[in-house]
Amino acid sequence: MKPEIAVLKSIKPEAENVLSFVFEYKNLNSKPGQFLMLWIPGVDQKPFSIAGDDGKTFTVAVFKIKKFTSKLFTLKPGDKVGVTGPFGNPYSWKKKQHVIAVGGGYGSAPLSYLINDAKKDACSYELLIGSRKKSLLLYADKFPKKYTHLSTDDGSAGHKGYVTEVLDERLSTLTTAQKKKTTVFVCGPEPMEYAAAIVAKKHGVDSQISVERYMKCGYGICGQCCIDDTGEPMCQVGPVITGKHALSLKEFGKYHRDKAGSKHNY
């Protein structure tokens, strides 16, 4: 699949060092939880979660960290990038179920897309967002406050502590019947994802986790995103897998590998 051209339509600040980029691009046909590759000629190609797709435009929320994202931050409306995808398995839900979306850092981006689509299926929802401090909270005001629960490490907004503590509290309020109709959807730093999967398991609630690895091709060919022992390419088997599957993986929540294949413990 060769890159197709997408034209930058608009840019919106979302949080500290986070911008939303809306690109004009017809018929991406993505689903929440999938990702795409953005290509800037002469710079690089990188994967990004999809934060929205209305059939005419798609949105990505980008955290400025290194060379590629720094270059993205210099783009202006009318500029063009290359796009391939969407790739990977998305989140899935049933009609009229209860959705609890748990996001850490910029992991809230695909969860916003998830909630907006799940609402079309008459699903109820809660969005739990965590970050180190208030200025880093992504999409804190995107949904009504009664459906949004915030947490920060420093207590500058919402619960002082981890978002997984809020998840534990929220699940504790559900009856057994309600838990059977609930799924926890998680995206964010892997230690948080691991803790969320453990909390959901403790309460007997199904969970789906977006497992991020070094995604280089998106086709399951290069082997960069393969999980140790199982050999599963997360760009194809994932990025979204069940919490049960995630907890069975040797490296999940413990370490990941960089582009050179070196281990990095969490």
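The values are calculated or read from the model by the stated rules, or taken from the named source; none is laboratory data. None of these values were measured; they are calculated from a predicted model. Every residue, glycine among them, receives a Cβ derived from its backbone with ideal geometry; neighbour counts consider all protein chains shown.
With the requirement that a residue be modelled with pLDDT of 95 or more and over 20 Å from the mean Cα position of the chain (by Cα), what does segment 56-69 give you? The answer is LYS56, and nothing else. Is it the case that segment 196-219 has a residue that's touching a residue at least 60 places away in the same chain (Cβ under 8 Å), buried (at least 19 other Cβ atoms within 10 Å of the Cβ), under 17 Å from the mean Cα position of the chain (by Cα) and in a helix (DSSP H, G or I)? Yes: segment 196-219 contains one or more residues that are touching a residue at least 60 places away in the same chain (Cβ under 8 Å), buried (at least 19 other Cβ atoms within 10 Å of the Cβ), under 17 Å from the mean Cα position of the chain (by Cα) and in a helix (DSSP H, G or I). Of all the residues in segment 154-182, those that are over 20 Å from the mean Cα position of the chain (by Cα), among the polar types (S, T, N, Q) and under 21 Å from TYR139 (Cβ atoms) number 1.
So which of PRO77, PRO86, PRO32 is touching a strand residue (DSSP E or B) at 6+ places or on another chain (Cβ under 6 Å) and either buried (at least 16 other Cβ atoms within 10 Å of the Cβ) or closer than 20 Å to LEU136 by Cα (or both)? That would be PRO86, the only listed residue that is touching a strand residue (DSSP E or B) at 6+ places or on another chain (Cβ under 6 Å) and either buried (at least 16 other Cβ atoms within 10 Å of the Cβ) or closer than 20 Å to LEU136 by Cα (or both).
Report yes if LYS9 is in a strand (DSSP E or B), among the charged types (D, E, K, R), at pLDDT 95 or above and not assigned by TED's automatic domain parsing to the domain that holds TYR125, otherwise no. For LYS9, the condition - in a strand (DSSP E or B), among the charged types (D, E, K, R), at pLDDT 95 or above and not assigned by TED's automatic domain parsing to the domain that holds TYR125 - is met. Among the residues of segment 235-266, those that are within 14 Å of GLU190 (Cα to Cα) and hydrophobic (A, V, I, L, M, F, W, C) comprise VAL240, ILE241, ALA246, LEU247, LEU249, PHE252. Of the residues making up segment 16-44, those that are in contact with a Cys (Cβ under 9 Å, 6 or more places away or on another chain) and in a strand (DSSP E or B) are PHE35, MET37.
Each row is one residue, and each column tells you yes or no for (1) within 25 Å of ASP206 (Cα to Cα); (2) touching a helix residue (DSSP H, G or I) at 6+ places or on another chain (Cβ under 8 Å); (3) part of a loop (DSSP other than H, G, I, E, B); (4) not hydroxyl-bearing (Ser, Thr, Tyr).
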site	(1), (2), (3), (4)
PRO110	yes, no, no, yes
ASP121	yes, no, yes, yes
LYS146	yes, no, no, yes
HIS149	yes, yes, no, yes
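Taken over segment 169-195, the criterion of being assigned to a helix (DSSP H, G or I), among the small types (Gly, Ala, Ser) and in contact (Cβ under 8 Å) with a residue 12 or more places away in the chain is satisfied by SER172, ALA195. Name the residues in segment 245-264 that are surrounded by fewer than 18 Cβ atoms within 10 Å (Cβ to Cβ) and either on the phi > 0 side of the Ramachandran plot or of a type in the set (Asp, Glu) (or both), would you? Of everything in segment 245-264, those that are surrounded by fewer than 18 Cβ atoms within 10 Å (Cβ to Cβ) and either on the phi > 0 side of the Ramachandran plot or of a type in the set (Asp, Glu) (or both) turn out to be ASP258, GLY261. Put simply, of ASP121, ASP117, ASP141, ASP54 the only residue that is among the acidic types (Asp, Glu), in contact with a Lys or Arg (Cβ under 6 Å, 6 or more places away or on another chain) and surrounded by fewer than 22 Cβ atoms within 10 Å (Cβ to Cβ) is ASP121. Checked against (1) crowded, with 21+ Cβ neighbours inside 10 Å; (2) farther than 22 Å from GLY52 by Cβ; (3) aliphatic (A, V, I, L, M), ALA177 passes all but condition (1). One residue alone among ARG257, ARG213 is touching a Cys at 6+ places or on another chain (Cβ under 8 Å) and outside the structural domain of VAL83 (by TED's automatic domain parsing), and that residue is ARG213.
Residues in segment 1-29 that are surrounded by 17 or more Cβ atoms within 10 Å (Cβ to Cβ) and in contact with an Asp or Glu (Cβ under 8 Å, 6 or more places away or on another chain): ALA6, LEU8, SER20, TYR25, LEU28. For segment 228-254, taking the residues that are of a type in the set (A, V, I, L, M) and out of contact with any Cys (no Cβ under 8 Å at 6 or more places or on another chain), the one that is farthest from TRP93 (Cα to Cα) is identified as LEU249.
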